[in-house]
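Down below is the structure, laid out as structure tokens.
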Amino acid sequence: MSTLNATVQVLAFLGTVAAVLFAGIAALTGLFAAWLHIGFSSALWTSDYGRTLLIKLAILSIVLATGAYNWRRVRPSLGDDTGARRMQRSATAELAVGVLVVIVTAVLVATPPPVDMAGGADMTAPVSPTGE
């Protein structure tokens with residue numbers, strides 16, 4: 001095996017590990033943020049914030065499915081015309097889904113979480129030393 005082939009294999013492996021780690025970290029931080037804003041309640045499907053979050057998760061699952069398709073179908077066929085066509089279609093689909101993720105995320109950050117709507121404590125308000 002040549003040094004170039006070994007380098008390509010190592011980089012492909014590290015790229016896979018990095019992608020899996022990034023996806024895992026993003027999922028964990030997203031779950032933590034959802035727990036902070038919604039907690040363990042029916043607000044996930046009864047509030048505007050929760051429903052928007054579910055829409056975002058559904059769209060992100062499409063991103064995950066596209067990545068799996070790229071990994072299993074497109075990557076092995078790269079180097080021929082079929083692979084090039086698949087890559088072009090896949091990249092177009094990923095770009096469109098990415099735009100949807102950005103739009104839904106913009107709506108999500110502009111939607112008040114159910115905790116804020118329930119009259120919870122305002123953590124940004126200054127507190128006076130006398131308790132007033």
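The values are calculated or read from the model by the stated rules, or taken from the named source; none is laboratory data. These figures come from a predicted structure and were not determined experimentally. Here the Cβ positions follow ideal geometry from the backbone for every residue, glycine too, while neighbour counts run over all protein chains shown.
Can you say whether G79 is among the small types (G, A, S), touching a residue at least 12 places away in the same chain (Cβ under 8 Å) and either farther than 18 Å from G15 by Cβ or outside any helix (DSSP H, G or I) (or both), as far as the supplied structure shows?
Here the answer is no, as G79 does not meet what is asked.
Quick one: is G39 under 19 Å from the mean Cα position of the chain (by Cα) and either touching a residue at least 40 places away in the same chain (Cβ under 8 Å) or assigned to a loop (DSSP other than H, G, I, E, B) (or both)?
no
Starting from residues that are among the acidic types (D, E) and surrounded by fewer than 13 Cβ atoms within 10 Å (Cβ to Cβ), keep the ones in region 70-103 and report whichever is modelled with the highest pLDDT.
The qualifying residue modelled with the highest pLDDT is D81.
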